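So the structure is just underneath, and the comments pick up after that.
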Amino acid sequence: MFPKLETVRLILRELKENDAQDILNCFSNEDVLRHYGQKPLTNLEQVKNIVNNFAINYKEKRGIKWGIEIKGIEGIIGTIGFHDWSSEHKRADIAYALFPEQWGNGYATEAIIKVLSYGFNELELTRIGVVVFKENKPSNKLLAKLGFEKEGILRNYMYQNNIPYDTNVYSLLSTN
């Protein structure tokens, strides 16, 4: 059963096909994608295939992706989850994205803290990593605030709009 997580203000739940329009709106937005390393999504069928792939990844224990909802308001405001999940090596990488109109409200912090707790306590991960564009100052600042340690720089690691970007590599280790 897919884990539903709650924070004070948010519900993190499984993404469904009926979230396709919200996902398309988020991942076709230039502001969201500027530091995401992904081509814009272009149609609902493409998004529905991605949502189905998320379900397959979860069943195969390769990844888990939640939709982020504000309690009492229908529709997602972004996504968060683990990819490159390895139960054997007790590690995963985290990725998150919010609609620009939700930036600066503390939702990313709240969602990340909950997902980190789930990763360390429920999935028994010992390492959670993240790769972030150097230019993404808010995300770099947030990760440092949450205790992630910068491990280095990957040069020309991700492309956005056919332009290579350097990325920072961070990790957070379990204290258990």
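Values computed for the structure shown
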quantity: Condition met for Val8 (of a type in the set (A, V, I, L, M) and assigned to a loop (DSSP other than H, G, I, E, B)); calculated: yes
quantity: Residue under evaluation Ala111, criteria (1) in contact with a strand residue (DSSP E or B) (Cβ under 9 Å, 6 or more places away or on another chain); (2) over 30 Å from Lys59 (Cα atoms); (3) part of a helix (DSSP H, G or I); (4) not polar (S, T, N, Q), criterion not met; calculated: (2)
quantity: Top-ranked residue in segment 71-89 [being open to solvent by less than 30 Å² (accessible area, probe 1.4 Å) and over 14 Å from the mean Cα position of the chain (by Cα); ranked as nearest to Val115 (Cα to Cα)]; calculated: Ser86
quantity: Residue pairs meeting the criteria (Cβ under 7 Å; at least 6 apart or on separate chains; first without any contact (Cβ under 8 Å) to a residue 60 or more places away in the chain, in segment 108-123; second crowded, with 16+ Cβ neighbours inside 10 Å and part of a helix (DSSP H, G or I)); calculated: Ala108/Leu142; Thr109/Leu142
quantity: Subset tally (residues that are of a type in the set (Gly, Ala, Ser) and touching a residue at least 40 places away in the same chain (Cβ under 8 Å)) for segment 96-105; calculated: 1
quantity: Members of segment 90-128 found to be among the hydrophobic types (A, V, I, L, M, F, W, C), surrounded by fewer than 20 Cβ atoms within 10 Å (Cβ to Cβ), more than 17 Å from His35 (Cβ to Cβ) and under 15 Å from the mean Cα position of the chain (by Cα), listed by number; calculated: Ile113, Leu116
quantity: Residue count, segment 22-35 (criterion: outside any helix (DSSP H, G or I) and open to solvent by 50 Å² or more (accessible area, probe 1.4 Å)); calculated: 2
quantity: Strands (runs of 3 or more DSSP E) completely within segment 124-176 that count 2 or more residues being at pLDDT 95 or above, closer than 16 Å to Lys114 by Cα and β-branched (Val, Ile, Thr); calculated: 127-133
quantity: The lone exception for Leu41 - which of (1) in contact (Cβ under 8 Å) with a residue 60 or more places away in the chain; (2) farther than 15 Å from Gly81 by Cα; (3) surrounded by 14 or more Cβ atoms within 10 Å (Cβ to Cβ); (4) not charged (D, E, K, R) it fails; calculated: (1)
quantity: Output for segment 21-50, where each listed residue is among the aliphatic types (A, V, I, L, M) and more than 26 Å from Asn136 (Cα to Cα); calculated: Leu44
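The values are calculated or read from the model by the stated rules, or taken from the named source; none is laboratory data. Just so you know, these numbers come straight off a predicted model, no measurement behind them. Neighbour counts run over all protein chains shown; Cβ positions are idealised from the backbone, glycine included. Accessible surface areas use protein heavy atoms only, side chains included; no ligands, DNA or RNA. Shrake-Rupley method; radii C 1.70, N 1.55, O 1.52, S 1.80 Å.
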